[in-house]
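Take a look at the structure below.
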Amino acid sequence: MEGIRIVATGSALPEKILTNDEMSRIVETTDEWIQTRTGIRSRHVCEKESCVSLAVEAAGKAIKSSGINPDEIGAVIVATSTPDYAFPSVACLVQKELGLSEELMAFDLSAACTGFLYALGVGRGLLHSLAKPYVLLIGCEQLSAIIDYTDRGSCILFGDGAGAVIIASSDRRFYQKSWARGNAEYLNCVGIGRGTAKISMKGNDVFRFAVNAMKQGIDEVLSDTGLSMDDIDWCICHQANQRIISNVQKQFPGQEEKFFLNIENLGNTSAASIPLVLDELNRTGRLQKGMKLLCVGFGAGLTWSGALVEL
Ligand code: UT7
């Protein structure tokens, strides 16, 4: 498949940090339980910020560091499950707040934690039909707005944040495979006008699905591209639970360091998790031309996806 180039990245996190100890004052839990079962120590939660303000901040940083003319952005795609409004979309408000040209397509995409990878596939497809050379992809979440803080089985997992990536066409290698299997039992949040919108999760069922989905995402991308984990520079997994990632790591002994982890201080930020990793790697000089990234994610839907991105 025709490839993409990562032109620039950006990210934004709410100021407020909610530690496990603070969480243990909200529900019956402990720092030790949360760390052992999830690898999470703290997460950021919105007080003054919102999904839109985080998206605007992350995208603004990406545009600034890219040096591109923002008028050359042909589409803004926001992956989120927690938009400020059902409509207008977060993407339209990003266009407004950043003063982007009106000659673009702006829309939100709903695929829960797989949202950013789905957006990557959609954005890559659009690059070949738009008149403009750049697509702005954003993964952003204000999950704290829909967390059920009486459910200790789920509230300890999630955090807020946003990551943004500007992409352009390239002749480098790109491959993606995505899946969907309708299921509202394992993980859901009812829609507007249908009761109190809060996350409802069967953690064990999601865990089992996640381990298989991550394995399938990695295995099929590697076999379809004729690559092995030896050829991959970074394996960027959706940061849902450190134990899920450890389970995948075990299948590739000696290559554990390729699996980047930042869940400890961010929690599970759903659609924002993969672009937040990309931005952290980029800002710290750990993404270089020619590198091969294997990105893999899963989420409600059920949805899952794996992608090979050659930089
Ligand atoms: O992005 C996709 C989103 N979701 C996920 O990725 C979630 C995937 N699932 C998970 O990460 C894990 O299933 C959880 C972290 C949610 C839960 O961990 P677990 O090891 O599967 O725990 P469990 O649900 O099997 O519960 C074990 C015990 C239970 O007590 P009993 O019945 O054994 O006495 C729970 O009541 O732990 C108890 N428990 C807790 N204890 C202290 C559940 N939550 C907590 C808690 N603090 N926060």
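Please treat every number below as a calculation from the coordinates, not as lab data. Being a predicted model, the structure only gives us computed values, none of them experimental. Cβ placement follows ideal geometry from the backbone for every residue including glycine, while neighbour counts extend to all protein chains displayed.
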Under 10 °C and 1.306 mPa s, how fast does the range 134-176 diffuse according to Stokes-Einstein, given a Kirkwood radius computed over C-alpha pairs? Answer in µm²/s, whole number.
120
Order these peptides, 296-306, 92-102, 45-55, by their mean beta-carbon neighbour count within 10 angstrom, highest first.
296-306, 45-55, 92-102
Mind jotting down the three principal axis lengths of the range 172-310 based on Cα atoms? Whole angstrom, largest first.
49, 31, 28
Lysine pairs in the range 172-310 with alpha-carbon atoms under 20 Å apart, 8 or more places apart or on different chains: how many are there?
8
So, with +1 on the Cβ of K and R and -1 on the Cβ of D and E, and no other charges, what is the size of the charge dipole of the range 1-149 about its Cα centre, to the nearest 20 debye?
380
Quick calc of log₁₀ I(q)/I(0), the range 149-203, Debye, one scatterer on every Cα, no solvent, q values 0.13, 0.20, 0.25 1/Å, result -0.63, -0.96, -1.13
Rounded to the nearest 0.05, FRET efficiency between Leu227 and Asn247 (Cβ-Cβ, R0 25 Å) equals 0.75
Compute the label zone of Lys289 within the range 137-172: residues whose backbone N is under 14 Å from the point 7 Å along Cα-to-Cβ.
170-172
Just to confirm a number: summing +1 for Lys and Arg and -1 for Asp and Glu over residues other than Ser305 whose beta-carbon lies under 11 angstrom from that of Ser305, what do you get?
0
Once Lys and Arg are counted +1 and Asp and Glu -1 for all other residues with Cβ under 11 Å from that of Ser24, the total becomes -3
Under 12 Å from the Cβ of Ser66, count the other residues' Cβ atoms, weight Lys and Arg +1, Asp and Glu -1, and hand me the total.
+2
Pairwise FRET efficiency - Asp31 versus Glu220, Cβ, R0 = 45 Å, nearest 0.05:
0.75
Give the lysines reachable from Lys96 as a straight Cα distance under 24 Å; neighbours fewer than 8 places away on the same chain don't count.
Lys48, Lys61, Lys64, Lys132
Coarse-grained scattering of the range 2-171 at q = 0.09, 0.10 Å⁻¹, given as base-10 log I(q)/I(0) from a Debye sum over alpha-carbon atoms
-0.33, -0.40
Quick calc: nm separation of the 7 Å Cα→Cβ label points for Asn212 and Glu47 -> 4.3
Can you give the % of DSSP beta bridges in the range 2-171 that are antiparallel, to the nearest 5?
65
Rounded to whole Å and sorted largest first, what semi-axes of the equivalent ellipsoid does the C-alpha gyration tensor of the chain yield via the square root of 5 times each eigenvalue?
28, 24, 17
Could I have the simple spin-label model distance between Asn69 and Asn262, label points 7 Å from Cα toward Cβ, reported in nm to one decimal?
3.1
Taking the DSSP beta bridges in the chain as the whole, what percent of them are antiparallel, to the nearest 5?
70
Dipole of the chain (Lys/Arg Cβ +1, Asp/Glu Cβ -1, origin at the Cα centre): which of Gly301, Leu98, Ser65 lies farthest to the positive side?
Gly301
Treat every Asp and Glu Cβ in the chain as -1 and every Lys and Arg Cβ as +1, leave all other atoms uncharged, and give the resulting dipole magnitude about the Cα centre to the nearest 20 debye.
340
Please report how far the C-alpha centroid of the range 162-231 lies from that of the range 60-129, rounded to the nearest whole angstrom.
19
Taking 0.36 nm per residue of sequence separation and subtracting the Cα-Cα distance, how much length would be gained by fully extending the chain between Ile192 and Glu97, in nm to one decimal?
31.7 nm
